[in-house]
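Worksheet: one structure, shown below.
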Amino acid sequence: MLRDKYEPCVLTAAVTGGDVLPSQSPHIPCGAEAIIEEAVAAAEAGATCVHLHAREPDGRPSGDPGLFREIVAGVRERSDAVINISTGGTPGMPEEQRLAGIRACRPEIGTLNLGTMNYEGFPDRARWPKVRHAWEQEVLDKSGEGVFTNTLGTIRRFAAEFRDLGVTPELEAYDLGHLSMIRFLLDEGTLEGPVRIQLVLGVLGGAGNALDDFFILSQAAARILGPDAASLSVAATGFPGEFRHVATALSWGADCRVGLEDNIRVRRDRQAESNAELVHVATGLADLLARPIATPDALRSELGPWYKAS
């Protein structure tokens, strides 16, 4: 599951997400053209893989298959980066919209979430950002009621879509119980190993983003899944958590993720101006720690049994 500490690391750039509000940073890419530019720039900066959501020009998260097709076509035209599309969308998004991206684009990888959970991005009213759009205020007003719904039935239906489309699932584990869910899904045949796992840390409702949380979950993954786990990655939210976990993952033999979806700061007193800037931090750490970054073709070569090149 963990790579040798000198083997190449898969570095993913999560370029826009569905939860961060555009009013939090002027650098969140919104609309197809901006998302394409950010994804291509992140790949040029060294990212192996780009993780994509769709947003309308005003920043509203979208499940429009046409918008996904436009974004993915634009990235593929200008970059060889592996495409990873979210099926998480944003809490409350209907299943059909959450599946729209992988259905429309057949990416190499798609995220597959593993359980229903409380999911809070803005729990503290005193820290709410000043927003520009009515839809953003609606998100804030629903704070305290956020539920990310992923029932066993949902997971089985999504997994069947992945299998039919030839898309490799990246299994998003927000907490310990999600690792046990992977074990159950493997044993019943819904999933087929070896699987790719991403630990998502720091979302209120899931595990925290302390380094101990990463160590506890990575060790539990090894115990629960053993050889059925092909790789382990970490995506930690916020500053400085994102960078601390990148450094730890690089040292530990894990893969890692950065991007404006997860963290909008490059210093405590300065926002990141682009995803590429966050990628440069990660590649700089990788160089210092003697972990080369995996190429897109190297990642494609290790994708799981469902992967079908499009």
Which whole-angstrom value gives the distance between the alpha carbon centres of region 240-310 and region 134-157? 27
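I need the calculated FRET efficiency for the pair S25 and D187, taking r as the beta carbon distance and R₀ as 51 Å, to the nearest 0.05.
According to the calculation, E is roughly 0.75.
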Choice from D64, D187, D269 showing the highest fluctuation, given a GNM over the chain with Cα pairs closer than 10 Å: D269
Whole-angstrom Cα spans of region 155-310 along principal axes, big to small: 48, 34, 27
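How do Y174, Y307, Y6 rank by accessible surface area computed with a 1.4 Å probe, from largest to smallest?
Working: Y174 20, Y307 60, Y6 160 Å².
Ranked from most to least accessible, the order is Y6, Y307, Y174.
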Charge tally in the Cβ shell below 13 Å around C30, where Lys, Arg are +1 and Asp, Glu are -1, C30 excluded: -4
Listed peptides 7-14, 19-26, 223-230 by packing density, highest first (mean Cβ within 10 Å): 7-14, 19-26, 223-230
Whole-angstrom Cα spans of region 1-148 along principal axes, big to small: 43, 34, 29
Partner lysines whose C-alpha sits under 19 Å from that of K142, ignoring same-chain residues fewer than 8 away, are K130
Note the per residue figure in Å³ for the convex hull of the C-alpha positions in region 193-246. 68
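Can you tell me the accessible area per residue over the chain, all protein chains present, probe 1.4 angstrom, in square angstrom?
Heavy-atom SASA per residue in the chain reads 41 Å².
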How much solvent-accessible surface does R78 expose, in Å² to the nearest 10, with a 1.4 Å probe and all protein chains in place? 120
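Could you sort K130, K142, K308 by accessible area so the largest value comes first, with the probe set to 1.4 Å?
K130, K142, K308
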In whole Hz, with x marking every Gly and Pro, tabulate ³J(HN,Hα) for region 197-205 from phi via Karplus 6.51 cos²θ - 1.76 cosθ + 1.60, θ = phi - 60°. 10, 10, 7, 9, 10, x, 7, 5, x
Theoretical ellipticity at 222 nm over the chain - DSSP helices of four or more residues, -39500 (n - 2.57) apiece, nearest 500: -12000 deg cm²/dmol
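The chain: longest stretch without exposed GluC sites (Glu not before Pro) (DSSP loop, at most 15 other Cβ within 10 Å), sites themselves excluded?
The answer is 1-144.
The values are calculated or read from the model by the stated rules, or taken from the named source; none is laboratory data. Note that the structure is a prediction, hence the values are computed from the model and not measured. Please note: Cβ atoms are built from the backbone with ideal geometry, for glycine as well, and neighbour counts cover all protein chains shown. Surface areas here come from the heavy atoms of the whole protein model, side chains and all, with no ligands, DNA or RNA. Shrake-Rupley method; radii C 1.70, N 1.55, O 1.52, S 1.80 Å.
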